[in-house]
Amino acid sequence: LHLGMFEIGKPLGKGKFGRVYLARERDHGFVCALKVLYKSELQTARVEKQVRREVEIQSNLRHPNILKLYGHFHDSKRIFLILEFAGQGELYKHLRKATRFPEWKAAQYIAQMASALRCLHGKHVIHRDIKPENILVGIHGEIKISDFGWSVHAPGNRRNTYCGTLDYLPPEMIVPRSPGNSYDEKVDLWSLGVLTYELLVGEAPFEDTPVMTTRRIARADMKTPSFVSAEATDLIKKVQQHPWVLKHCR
Ligand SMILES: CC(C)CCNC(=O)Cn1cc(-c2ccc3c(-c4nc5ccccc5[nH]4)n[nH]c3c2)cn1
């Protein structure tokens with residue numbers, strides 16, 4: 001595998017590290033998303049180990065709703081990741097355009113997410129960063145979880161710092177808890193509840209100032225608009241009321 005094998009097309013987006021380009025493999029015309037990471041940048045940010053872990057995690061996952069990492073190679077300065085090309089791009093762009101999705105569409109997306117999470121958790125991988133920005137849409141409208149930058153092999157502990165939106169953080173990653181500070185795959189289920197709400201309502205359930213968001217998450221203080229069906233409200237509440245979640249909130 002080397003760069004010369006690929007024709008590089010338009011930029012597809014900018015991750016926290018490096019850029020992603022549409023690319024086509026010359027010999028067979030295979031279309032993919034080629035992500036370029038600069039070794040110097042990864043060293044400065046001291047994330048080489050995390051990138052190696054993410055590559056190892058993503059390379060071993062085979063699921064229609066998890067973005068595939070086909071392979072990787074590097075030259076003196078850069079690391080190249082050969083990622084699956086998602087034909088319909090980023091989910092959050094579709095969400096912002098539509099404001100909110102009809103229930104049949106949100107329900108299909110959540111079912112696909114639940115299936116992908118069963119696969120991840122089956123391999124004791126916690127994603128920890130489920131949010132619309134990390135979900136892509138394939139050519140047939142199916143969703144693809146991406147960006148395992150924060151995934152860890154369960155059980156995780158809270159010492160890993162976390163940056164990014166608070167909206168999706170579950171209580172136990174916010175509220176100081178009993179010693180041991182470990183949490184498990186259920187953090188992704190909390191985020192799945194938040195994602196369900198956001199797909200149906202168009203904004204996150206605890207969206208507020210950072211301080212208020214933190215407080216509202218810890219109290220599971222959220223209101224669901226009347227246009228959300230009783231069944232969907234029940235599902236979101238079920239995640240909030242789940243004995244495991246409540247136990248960890250006190
Ligand atoms: C090892 C680690 C640091 C990297 C592994 N994880 C990732 O690279 C996560 N990641 C995936 C992407 C990404 C971004 C955009 C796309 C696209 C895509 N398809 C599009 C269609 C229309 C418009 C925009 C599109 N972007 N397909 N596959 C992608 C993959 C960016 N970062």
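The values are calculated or read from the model by the stated rules, or taken from the named source; none is laboratory data. Quick caveat: nothing in here was measured; it's all calculated off a predicted structure. Counting neighbours? That spans all protein chains shown, and the Cβs are built from the backbone with ideal geometry, glycine included.
Could you tell me which residue of the range 15-31 is nearest to the ligand (Cβ to nearest atom), considering only residues that are in contact with a Leu (Cβ under 6 Å, 6 or more places away or on another chain) and within 13 Å of F85 (Cα to Cα)? Spell out how you get there, then give the answer.
Restricting attention to the range 15-31, the residues satisfying the condition of being in contact with a Leu (Cβ under 6 Å, 6 or more places away or on another chain) are 17-18, 20-23.
Subsequent filtering for residues that are within 13 Å of F85 (Cα to Cα) retains 20-23.
Working: V20: 4, Y21: 9, L22: 7, A23: 10 Å.
If we take residues in the range 15-31 being in contact with a Leu (Cβ under 6 Å, 6 or more places away or on another chain) and within 13 Å of F85 (Cα to Cα), then V20 is nearest to the ligand (Cβ to nearest atom).
Every condition in (1) surrounded by fewer than 19 Cβ atoms within 10 Å (Cβ to Cβ); (2) in a loop (DSSP other than H, G, I, E, B); (3) touching a strand residue (DSSP E or B) at 6+ places or on another chain (Cβ under 8 Å) holds for Y70 except the one numbered (2). For the range 218-233, the count of residues that are among the aromatic types (F, W, Y) and modelled with pLDDT of 90 or more is at least one.
Just for the range 58-71: of the residues that are near the ligand (Cβ under 9 Å from one of its atoms) and of a type in the set (A, V, I, L, M), which one is nearest to I110 (Cα to Cα)?
L67
Pairs are defined by a Cβ separation below 6 Å, a sequence spacing of at least 6 or placement on different chains, a first member in the range 220-235 that is outside any loop (DSSP other than H, G, I, E, B), and a second member that is of a type in the set (S, T, Y); the pairs so defined are T233/T224.
H94: modelled with pLDDT of 90 or more, part of a loop (DSSP other than H, G, I, E, B) and either away from the ligand (no atom under 12 Å from the Cβ) or under 25 Å from E203 (Cβ atoms) (or both), yes or no? Full working, then the answer.
Numbers: modelled with pLDDT of 90 or more: yes; part of a loop (DSSP other than H, G, I, E, B): no; either away from the ligand (no atom under 12 Å from the Cβ) or under 25 Å from E203 (Cβ atoms) (or both): yes.
Answer is no for this residue.
Out of V51, V47, V36, report the one residue that is within 14 Å of S146 (Cα to Cα), surrounded by 14 or more Cβ atoms within 10 Å (Cβ to Cβ) and within 11 Å of the ligand (Cβ to nearest atom). If you could, list the steps in order and put the result at the bottom.
Numbers: V47 fails: within 14 Å of S146 (Cα to Cα); V36 fails: within 14 Å of S146 (Cα to Cα).
One residue alone meets the criteria, V51.
As a summary of the residue check, L12 satisfies the conditions (1) near the ligand (Cβ under 9 Å from one of its atoms); (2) surrounded by fewer than 17 Cβ atoms within 10 Å (Cβ to Cβ); (3) under 19 Å from Q88 (Cβ atoms) except for the one numbered (2).
Listed by first and then second residue, the pairs linking a residue in the range 44-65 that is within 15 Å of L81 (Cα to Cα) to a residue that is assigned to a helix (DSSP H, G or I) and near the ligand (Cβ under 9 Å from one of its atoms), with Cβ atoms under 7 Å apart and 6 or more places separating them unless they lie on different chains, are E48/L42; V51/L42. Close contacts from the range 200-211, counting a first residue that is without any contact (Cβ under 8 Å) to a residue 24 or more places away in the chain and a second that is in a helix (DSSP H, G or I) and of a type in the set (A, V, I, L, M, F, W, C), with Cβ to Cβ under 7 Å and a gap of 6+ residues or different chains, come to none at all. Check the range 83-91 and report whether any residue there is within 13 Å of the ligand (Cβ to nearest atom), among the aromatic types (F, W, Y) and not in a loop (DSSP other than H, G, I, E, B). Checked against the condition, which is being within 13 Å of the ligand (Cβ to nearest atom), among the aromatic types (F, W, Y) and not in a loop (DSSP other than H, G, I, E, B), the range 83-91 yields no hits at all. Taken together, the residues in the range 154-199 that are surrounded by fewer than 16 Cβ atoms within 10 Å (Cβ to Cβ) and modelled with pLDDT of 85 or more amount to 0.
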